[in-house]
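Here's the structure we're looking at; comments come further down.
Just so you know, all these numbers are worked out from the coordinates, no wet-lab data involved. Just so we're clear, the structure is a prediction, and the values are computed from it rather than from any experiment. Here the Cβ positions follow ideal geometry from the backbone for every residue, glycine too, while neighbour counts run over all protein chains shown.
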Amino acid sequence: MADRVAVVTGAGSGIGRAVVFGLAASGARVVAADLDDAAAAATAGAQDGIVAHQVDVGDAAAVDALRDRVLAEFGTPSIVVTAAGWDRTAPFVAATEEFARRVVDVNYLGHVWVARAFLPAMIEARGGALVTIASDAGRVGSSGETVYAGAKGGVIALTKSLARETARYGIRVNCVSPGPTDTPLFAAQAEPLKEALIKAIPFRRLARPEEVAAAVQFFASDAASFITGQVLSVSGGLTMAG
Ligand SMILES: NC(=O)c1ccc[n+]([C@@H]2O[C@H](COP(=O)([O-])OP(=O)(O)OC[C@H]3O[C@@H](n4cnc5c(N)ncnc54)[C@H](O)[C@@H]3O)[C@@H](O)[C@H]2O)c1
């Protein structure tokens with residue numbers, strides 16, 4: 001990854017932060033973008049080669065401003081990772097319009113805006129890797145996370161279609177689909193749901209963020225040079241989707 005430019009959203013916490021640390025440790029220069037300014041700054045301050053940027057991925061203009069800064073200061077990124085995500089567990093019938101729209105804005109359209117912002121430069125550069133973070137909720141469903149699961153299923157289809165559209169330019173687009181992972185997002189879920197999920201995981205524990213980041217690092221690297229349009233679950237065997 002030496003001297004490659006990488007952009008990671010959701011970089012202030014959990015999986016996104018672990019992705020940033022992994023890419024920076026392998027020599028990439030990383031732009032760590034997050035809604036939470038202080039969290040992005042803390043990620044950037046923890047290791048060399050990382051700069052912070054505040055962004056709401058649900059805001060297309062803000063994502064374009066991130067793109068403008070990255071292109072001006074670092075040039076075209078060869079790695080873009082869309083890890084920002086947000087949800088609250090609740091019965092589907094309790095979803096307000098405001099909640100459902102925010103879930104879709106962050107967990108589906110956020111990926112669309114980031115891909116739309118960076119792909120033109122990557123197409124011009126004839127290469128690069130885009131890695132989306134979906135969720136196994138989007139592959140097999142998840143009770144209490146219905147709108148989120150729909151958005152994540154959309155991310156999987158978006159990934160495959162982008163892979164088809166951009167392969168001719170040498171760009172690879174793949175998706176990492178985490179199962180329950182030990183991050184603040186998971187910790188915020190209801191206690192009975194958390195216990196039931198951990199019991200159902202064949203390894204009987206949560207994923208560590210670093211274990212999800214390892215799959216992202218693989219897709220971003222030259223080791224995955226002939227892989228595009230794929231979805232890889234990192235779930236301790238909880239899901240074994242065909
Ligand atoms: N933790 C899990 O069990 C789990 C399971 C499956 C999928 N995921 C997915 O993994 C990704 C990372 O989640 P995590 O568990 O590390 O969560 P996390 O809450 O620890 O980190 C998510 C980060 O995204 C940021 N963020 C939220 N909304 C944003 C926005 N609009 N714009 C920019 N940044 C925003 C948050 O500030 C936070 O720093 C998400 O896409 C999530 O849906 C997580």
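Calculate the FRET efficiency for Glu191 and Ala46 from the Cβ-Cβ distance with a Förster distance of 25 Å, rounded to the nearest 0.05. Write out the running numbers ahead of the final one.
Values: r = 30 Å, r/R0 = 1.21.
E between Glu191 and Ala46, to the nearest 0.05, is 0.25.
Let me make sure I get this right: for the range 134-190, a, b and c are the square roots of the gyration tensor eigenvalues over alpha carbons, sorted descending. Under 1.5 in a/c it's rounded, otherwise prolate if a/b > b/c, else oblate. Which is it? Write out the running numbers ahead of the final one.
Working: a/c = 3.86, a/b = 2.16, b/c = 1.78.
It comes out prolate by the Cα gyration axes.
For Ala65 and Ser161 in the same chain, what is the full-extension length gain: residue separation times 0.36 nm, less their Cα-Cα distance, in nm?
Values: separation 96, 0.36 × 96 = 34.56 nm, distance 2.51 nm.
So the extension gain works out to 32.1 nm.
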Multiply the residue gap between Asp3 and Thr239 by 0.36 nm, knock off their C-alpha separation, and tell me the result in nm, one decimal place. 81.4 nm
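Would you mind putting 221-234, 106-119 in packing order, based on average other-beta-carbon counts within 10 Å, highest first? Before the final figure, lay out each step's value.
On the way: 221-234: 15.1, 106-119: 22.9.
The densest-packed peptide leads the list: 106-119, 221-234.
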If I take every Cα pair under 8 Å that is 6 or more residues apart in the chain, average their sequence separation and divide by the length, what percent do I get for the relative contact order? 19
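How much net charge surrounds Ala42 when only the other residues with a Cβ under 11 Å from the Cβ of Ala42 are counted, with Lys and Arg +1 and Asp and Glu -1? Let's see the in-between values first.
Working: positive: Arg17; negative: Asp34, Asp36, Asp37.
Every neighbour counted, the sum reads -2.
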Would you give the gap between the C-alpha center of the range 79-115 and the C-alpha center of the range 1-52, rounded to a whole Å? 21
Straight-line reach from Lys152: which aspartates and glutamates have Cα under 15 Å away, leaving out those fewer than 8 places along the same chain? Asp87, Asp105, Asp136
Environment charge of Asp136, counting only residues whose C-beta is closer than 11 Å and scoring Lys/Arg +1, Asp/Glu -1: +1
Could you calculate the FRET efficiency of Arg208 with Ala90 from 1/(1 + (r/R0)^6), where r is the beta carbon distance between them and R0 is 35 Å, rounded to 0.05? 0.85
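Note down the net charge around Ala196, summing +1 for each Lys or Arg and -1 for each Asp or Glu among other residues with Cβ under 15 Å from its Cβ. Present the calculation step by step, with values, prior to reporting the outcome.
Working: positive: Lys194, Lys199, Arg204, Arg205; negative: Asp136, Glu145, Glu191, Glu195.
With Lys, Arg at +1 and Asp, Glu at -1, the net is 0.
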